[in-house]
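Only one structure is covered here, and it is reproduced in the block below.
The values are calculated or read from the model by the stated rules, or taken from the named source; none is laboratory data. None of the values given here were measured: they were computed from a predicted structure. Heads up, the Cβs are rebuilt from the backbone with ideal geometry, glycines too, and the neighbour counts pull from every protein chain shown. To get the accessible areas, we keep the full protein, side chains included, count just its heavy atoms, and leave off ligands, DNA and RNA. Shrake-Rupley method; radii C 1.70, N 1.55, O 1.52, S 1.80 Å.
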Amino acid sequence: MKIAFPFFILKNAAALTLAAAMTVGLSACAAGGGTEQSGGAAAAVSEEKVTLQYMTLSDGVLFDAETRIFKGVTDKYPNIVVETTSVPGVDTFITALKAKFAAGEEPDMYSFQAGTRIREFAKEGLLKDITDEPYMDRVNDADKAFNSWQGRIYGIPAKIEYAGLFVNNEVLAKYPDVKAPTNFEEFKAACEQLRAQGFEYPALLAGKDINNVSQINFQYLATIAVPQNPDYYQELIDGTRRFSDQWVEELFGKYGEVLEYVAEDRLGVDNDEAIKRFIRGEGVFWFAHGSTIQRIREMAGEEFDFSLYPTTLQNADETRYFLCAQALALAVVESSKHPEEVRAAVTEFLSPEACDIIARDGKAMPAMKNSNVLPDKSLEPCREWFDSGVKVPHADLVWVPGIKDIMKQVTQKWIMGDDLQSCLDEWESQHRRLLEANPDFVTNYGKE
């Protein structure tokens, strides 16, 4: 049975009380080969009819793909039925999940944010230790630590997210002397070449969309700040580094150079309008999130020729990193009454065939070894990067809750003309405030 609902409603006051208690107790988001059996022989399951519950943050075509995979489990094991439930929205999902645990109605397995959220539930003893499960052979060794707690693994990376530089190949074909850039100097040179040939504003920005406004920030921080100093955020917590320091001014200095090539009406451009301009060839280069690919295809079709490249914000003498890492993880619940059936279902979910379905039909990049089918042909320039050693350690910046929204807001204020230093001072002061309001986050940051 396939269910999709956007909101979770607690059934009674007792469940609400338990959910609140659970929230307090839980204080605290890839691709290279296993065997064709996803890390071992087929699981030994009984003939008893078993219904497993699977809950996922995924929706749309990705949820449909996951449901199809679990229907395949029933085809292989007729006694196993997996009921799939989509709960899109991070806040809605975590509320629903905690309430289900509190009410004793937890799913047998679920897909949610990787990393911190996995450790949050592992610390409470709610997740199964899957370190030695045969299906873990399908997981890249480099991805295991992110979902670990005290040296044991409790989450399976399930989906990769990525961001970078979108390039309109159809426009570039008209300018054979201009090449897709590989660093920031080449980016500026390409923009200058296009400008000299009459293309005044070759770069795009959805200035009205606060998430696209912050894409350059995220890509710069993830591919330049983090690799140069992996402990930078601990230093921000300790106060030895600040969001108002020169290193952040350098970020905005580079951002300002990009804006030189963006049309002046950028603050009135939302994400869909930016996509339309990209499709029409009114822009050649666009720093954006990989999720934009699906929307581009919906609006332009499969024949539109564009590519996503790893970001080019790094200077020529700096290592180029790909903002590409696990975003969602699959967790197995410790209290499940059907461990063998869950093992069989997870084994099938991680199989090469299932990964192909996730990529081809779900339009998402799976995190398993030898996931060779790309979600979209525009990702071809990134193929080798997905399994390289120059990826960022995680798909999102693990910061105190709320500060990413502050970063987006001050960046938009700066683009609107506010003084940079006052914007950075606001970012830093709000960061200190949020740290003081979240002492558990400060205490537990960086601990596994």
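Total residues in the stretch 158-185 satisfying the condition of being open to solvent by less than 40 Å² (accessible area, probe 1.4 Å) and within 20 Å of residue 223 (Cβ to Cβ): the figure is 11.
Note on the stretch 238-271: residues that are buried (at least 18 other Cβ atoms within 10 Å of the Cβ) and either modelled with pLDDT under 95 or of a type in the set (Val, Ile, Thr) (or both) total 4.
Residue 211 meets all of the listed conditions (1) in contact with a strand residue (DSSP E or B) (Cβ under 9 Å, 6 or more places away or on another chain); (2) polar (S, T, N, Q); (3) open to solvent by less than 10 Å² (accessible area, probe 1.4 Å) but one, namely (3). Is the stretch 299-321 home to any residue that is more than 23 Å from residue 214 (Cβ to Cβ), in contact with a helix residue (DSSP H, G or I) (Cβ under 9 Å, 6 or more places away or on another chain) and surrounded by 24 or more Cβ atoms within 10 Å (Cβ to Cβ)? No, there is no match, as no residue in the stretch 299-321 is more than 23 Å from residue 214 (Cβ to Cβ), in contact with a helix residue (DSSP H, G or I) (Cβ under 9 Å, 6 or more places away or on another chain) and surrounded by 24 or more Cβ atoms within 10 Å (Cβ to Cβ).
Checking the stretch 381-392 against the condition returns a match, with at least one residue being out of contact with any Gly (no Cβ under 8 Å at 6 or more places or on another chain), crowded, with 18+ Cβ neighbours inside 10 Å, in a helix (DSSP H, G or I) and of a type outside the set (Val, Ile, Thr).
Looking at 373, 332, 390 in this structure, which one is of a type in the set (A, V, I, L, M) and under 23 Å from residue 121 (Cα atoms)?
332
Determine whether residue 377 is within 15 Å of the chain's Cα centre (by Cα) and not hydrophobic (A, V, I, L, M, F, W, C). So residue 377 does not fit the description; no.
Scanning the stretch 124-157 for residues that are aliphatic (A, V, I, L, M) and open to solvent by 50 Å² or more (accessible area, probe 1.4 Å) returns 142, 145. Considering the stretch 187-209 alone, what residues qualify as being within 16 Å of residue 257 (Cβ to Cβ) and not in a loop (DSSP other than H, G, I, E, B)? Across the stretch 187-209, the qualifying residues are 187, 188, 189, 190, 191, 192, 193, 194, 195, 203, 204.
Yes/no per residue for (1) among the charged types (D, E, K, R); (2) open to solvent by less than 60 Å² (accessible area, probe 1.4 Å); (3) on the phi < 0 side of the Ramachandran plot:
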{"site": "399", "(1), (2), (3)": "no, yes, yes"}
{"site": "406", "(1), (2), (3)": "no, yes, yes"}
{"site": "410", "(1), (2), (3)": "no, yes, yes"}
{"site": "421", "(1), (2), (3)": "no, no, yes"}
{"site": "429", "(1), (2), (3)": "no, no, yes"}
{"site": "436", "(1), (2), (3)": "yes, no, yes"}
{"site": "441", "(1), (2), (3)": "no, yes, yes"}
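Which is part of a strand (DSSP E or B) and hydrophobic (A, V, I, L, M, F, W, C), of 130, 160?
160
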